[in-house]
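The values are calculated or read from the model by the stated rules, or taken from the named source; none is laboratory data. Quick caveat, the model's predicted, so the values are computed rather than measured. For neighbour counting, all protein chains shown are included, and Cβ atoms are generated from backbone atoms with ideal geometry for every residue, glycine included. Surface accessibility is based on the protein's heavy atoms, side chains included, excluding ligands, DNA and RNA. Shrake-Rupley method; radii C 1.70, N 1.55, O 1.52, S 1.80 Å.
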Amino acid sequence: MISQSDDSTHWKQILEQVLEITVGRVRVMPTNLPPDAKKKWAEVEATKNPREKLQRMEEFLSLVPKHKGTLKLRGQIKKQMSVMRREMEERKRKKTGRGGPKYFVEKEGAAQIVLLGLTKVGKSSLLTAVTNSKVEVSATPYTTRQPVPGIMNYEDIQFQLLEAPALMEGSADGRAWGLQTLGLARNADGLILMVDLSQDSTEQLSLVLGELEKARVLVSKPSARVEIERKYMGAGLRIIVMGRLVDCNFSDVEDLLKSYRISDAVVKISGEATLDDVEDAVFGSTVYKPAVIVANKIDLEGAETNLRSLKSYIGDTLPVIAVSCKKKYGLETLGETLFKALSIIRVYTKELSQRDFSKKPFILKKGATVFDLAKNIHSDFRENFSHAKVWAKRLVFSPQRVGSSFALEDGDIVEIHLK
Ligand SMILES: Nc1nc2c(ncn2[C@@H]2O[C@H](COP(=O)(O)OP(=O)(O)OP(=O)(O)O)[C@@H](O)[C@H]2O)c(=O)[nH]1
Ligand SMILES: [Mg+2]
């Protein structure tokens with residue numbers, strides 16, 4: 001006879017299998033790594049030299065048992081290794097002066113926005129239409145093979161748009177320049193996902209989102225966020241839970257981290273996090289990037305119909321703007337759409353001795369306080385801060401004297417007073 005608990009275990013297993021099939025993102029299989037593998041990972045983390053790090057990663061992989069529960073992990077580590085190998089090659093090429101493609105592009109302006117899409121959707125056309133950059137537009141596929149930056153003005157700030165070489169099926173598995181393009185996306189402040197409305201744009205978008213997800217770059221806010229900041233300073237383990245732990249408690253998290261020899265770090269957990277989310281973060285975190293969809297070629301036949309199905313597919317998860325880069329239609333809303341999606345604010349500062357405030361704003365995250373601004377300006381300000389005066393439309397009287405925890409909003413003018 002099957003006892004009740006056996007029965008429920010049985011059903012739990014079936015349910016887990018179904019869950020795994022239906023919701024690919026949910027990882028219900030435990031990794032259950034042996035202690036020597038965990039120890040090896042600690043060595044990987046502690047190694048700085050890329051060549052030695054790769055060697056340790058190789059050793060780590062050989063210690064990871066090959067079962068279904070470790071499939072995702074093994075894939076992820078292999079991907080990290082191939083990115084590292086390419087980076088090493090690139091560095092070597094630079095040293096020998098032989099050139100070759102350069103993938104890292106220095107950030108400029110208020111934010112770096114990476115343009116992603118399949119080939120020929122019009123990424124170069126967008127860059128040419130809205131930035132100072134002139135790049136080849138062509139009907140030949142895969143014309144752009146290196147990242148190309150351009151500056152776009154929006155009111156009194158600038159965004160850097162960066163065209164990335166086209167994504168395709170298999171990019172996240174290392175096909176063509178896929179890993180480099182996804183690396184640019186990982187490093188960006190925001191993304192423009194571009195689709196061609198004269199083709200099936202829902203299919204294009206889901207392909208792009210699929211590759212991003214495989215590379216652990218998410219465009220919708222994840223339910224949990226775990227950040228592990230290694231310290232190596234002997235200060236111990238600090239776990240800050242700002243959300244809620246699901247199916248585990250504080251000491252489970254502590255035990256898990258210690259099993260990976262993480263004993264000197266600040267760990268921030270927000271949202272609803274499971275132990276799996278924490279373990280995921282040990283092996284390089286999932287990043288979240290705000291994104292805007294630019295649906296191009298609205299001038300072509302069938303575009304309206306495709307736009308309707310694209311919009312019903314996305315719902316209200318991401319903002320969509322329909323444009324024609326060729327006819328220069330719809331592009332005027334791009335700046336504002338990006339600004340809103342990035343959740344940033346502009347704050348202007350005023351010097352005590354001056355009557356006018358600075359023309360060039362500081363860019364801060366929405367919800368930033370006067371203290372965050374002070375920290376940004378100078379490390380001195382942080383220690384010697386006394387109070388601030390704020391001019392803002394929403395205040396009944398301006399300027400108002402405020403403390404360091406005052407929440408700033410877009411357009412505020414701040415004068416900082418020191419002790
Ligand atoms: N009708 C129409 N054609 C467009 C539009 N935007 C771009 N195109 C055409 O689409 C083709 C591809 O444009 P590109 O801007 O080079 O595309 P891309 O995404 O940069 O492509 P790759 O760099 O090759 O991956 C060109 O023939 C463009 O003229 C548009 O708004 N309407
Ligand atoms: Mg191009």
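Structure notes:
- Surface calculation, 1.4 Å probe, protein heavy atoms: H417 sits at approximately 30 Å² accessible.
- Helical contribution to [θ] at 222 nm, DSSP H n ≥ 4, -39,500 (n - 2.57), averaged over the chain, rounded to 500: -11500 deg cm²/dmol
- Residue by residue, the stretch 54-71 carries 3J(HN,Hα) couplings of 4, 4, 5, 5, 4, 5, 4, 4, 5, 8, 8, x, 8, 9, 4, x, 10, 4 Hz when phi is fed to the Karplus relation 6.51 cos²θ - 1.76 cosθ + 1.60 (θ = phi - 60°); x denotes Gly or Pro.
- As a rough guide to protection, the peptides 131-140, 349-358 ranked by mean Cβ packing within 10 Å, highest first, stand as 131-140, 349-358.
- Tensor-based shape of the stretch 230-310 (alpha-carbon gyration tensor, a/c under 1.5 rounded, otherwise prolate or oblate): prolate
- Cα-centre dipole for the chain with unit charges at Cβ (Lys and Arg positive, Asp and Glu negative), debye to 20: 1380 debye
- Packing rank of 116-124, 183-191, where each peptide gets the mean count of other beta carbons within 10 Å, highest leading: 116-124, 183-191
- For the chain, the solvent-accessible area of protein heavy atoms averages 55 Å² per residue (probe radius 1.4 Å; ligands and nucleic acids excluded).
- Evaluating 6.51 cos²θ - 1.76 cosθ + 1.60 at θ = phi - 60° for every residue in the stretch 406-417, the Karplus couplings come out as 4, 7, 8, 10, 4, x, 5, 10, 10, 10, 9, 10 Hz, glycine and proline recorded as x.
- Cα centroid separation - the stretch 233-258 against the stretch 341-419, whole Å: 34 Å
- Cβ-based net charge around T47, under 9 Å, with every Lys or Arg adding one and every Asp or Glu removing one: 0
- Count, lysine Cα pairs under 28 Å in the stretch 238-339, 8 or more residues apart or across chains: 13
- The fraction of accessible area contributed by carbon and sulfur in the chain is 51 percent, rounded to a whole number (1.4 Å probe; ligands and nucleic acids excluded).
- Residue-count net charge about V64 - beta-carbon cut-off 12 Å; Lys, Arg +1, Asp, Glu -1: +3
- The string of couplings for the stretch 214-220 from the Karplus curve (6.51, -1.76, 1.60, θ = phi - 60°) is 4, 8, 6, 10, 9, 10, 10 Hz, one whole number per residue in order, with x for Gly and Pro.
- Protection proxy ranking for 309-321, 143-155, 270-282, using the average of other Cβ atoms within 10 Å per residue and placing the highest first: 270-282, 143-155, 309-321.
- Between S259, A235, S206, the Cα set farthest toward the positive side of the dipole of the stretch 199-276 (charges on each charged residue's Cβ, about the Cα centre) is that of A235.
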